[in-house]
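The values are calculated or read from the model by the stated rules, or taken from the named source; none is laboratory data. Quantities reported herein were computed from a predicted structural model and do not represent experimental measurements. Positions of Cβ are backbone-derived with ideal geometry, glycine not excepted, and every protein chain shown enters the neighbour counts.
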Ligand code: GRG
């Protein structure tokens, strides 16, 4: 099989497995929450996402010698649960005030603002509990298990995604320096993408050099991913994106507003190249990493 169709099959198969795990998560959480909260949670978790973060986590795990089972998909899907909560909040009137996400009406427009704010918050501890439940079945030291939960929470919190979103909100109508822009992107989007690879490598008990190499890959790929997100917001249609482009409406500071489309596209390519250089150094240059990095920049949504 050629690498292209191999990657397509890989993405389809992995997405299905992640969605099976998210389905189990939905059943698990449904038993623990009143329906006014489980409704918005299940609606949001089961939306048509690319599932890139858990797929990267599983890829990092496989590349460093982990052998796959459903517990690994549950661990990886805990990252998607965090990502889902962030999308639910990002779409609220106090942030992007969006009507559409993943080609569907946003959860707060379906279930109401008040219930969605609370349901999304409930996902934060639920993600850690779901990850811990999966980790019970891994043969790993407690120290590594602690590191995994710390990664998940560290990347989602003030030092990562929430901190980046805070900077993003502050930066509306501001002109950021390139350094500030990179720091913002690295936290808002890069931290969780990087953590996905780190968690995969930790779960496989990877060697230190492999771990560092995958972390660097995740760091640069995360930046390239967010630049592509900025480019799509500036150039793609609502129909293709499954959401309304909104960076200009909110006067967001983006790579496109700072550099323009051409230069931002070039920078995204440079970051992808750096990502790929990082994995070559530890001998992890699996063709799937290369194709996945291409996909991050070639995607249309
Ligand atoms: C309290 C300040 C504060 C924040 C709460 C809302 C929030 C936390 C964080 C938002 C983080 C955010 C929305 C980052 C953007 C990440 C991004 C590029 C999302 C799109 O990811 P894709 O393309 O989406 O992977 P799919 O739909 O495929 O899953």
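Here are the numbers:
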read-out	value
Answer from 200, 190, 159 - the residue that is assigned to a helix (DSSP H, G or I) and within 15 Å of the ligand (Cβ to nearest atom)	190
Filter pass, residue 270 being assigned to a helix (DSSP H, G or I), without any contact (Cβ under 8 Å) to a residue 12 or more places away in the chain and within 25 Å of residue 215 (Cβ to Cβ)	yes
Qualifying positions in segment 74-125 - farther than 18 Å from residue 36 by Cβ, in a loop (DSSP other than H, G, I, E, B) and within 12 Å of the ligand (Cβ to nearest atom)	91, 94, 95, 96, 98, 102, 103
Out of 206, 216, sole residue that is assigned to a loop (DSSP other than H, G, I, E, B), modelled with pLDDT of 95 or more and more than 18 Å from residue 96 (Cα to Cα)	206
Segment 126-144, residues that are in a helix (DSSP H, G or I) and in contact (Cβ under 8 Å) with a residue 12 or more places away in the chain	126, 127, 128, 130, 131, 132, 133, 134, 135, 144
Every residue from segment 162-187 that is more than 18 Å from the chain's Cα centre (by Cα), more than 10 Å from the ligand (Cβ to nearest atom) and at negative phi	171, 172, 174, 175, 176, 177, 178, 179, 180, 181
Candidates 58, 41 - the one that is in contact (Cβ under 8 Å) with a residue 40 or more places away in the chain, over 24 Å from residue 213 (Cβ atoms), within 16 Å of the ligand (Cβ to nearest atom) and surrounded by 24 or more Cβ atoms within 10 Å (Cβ to Cβ)	41
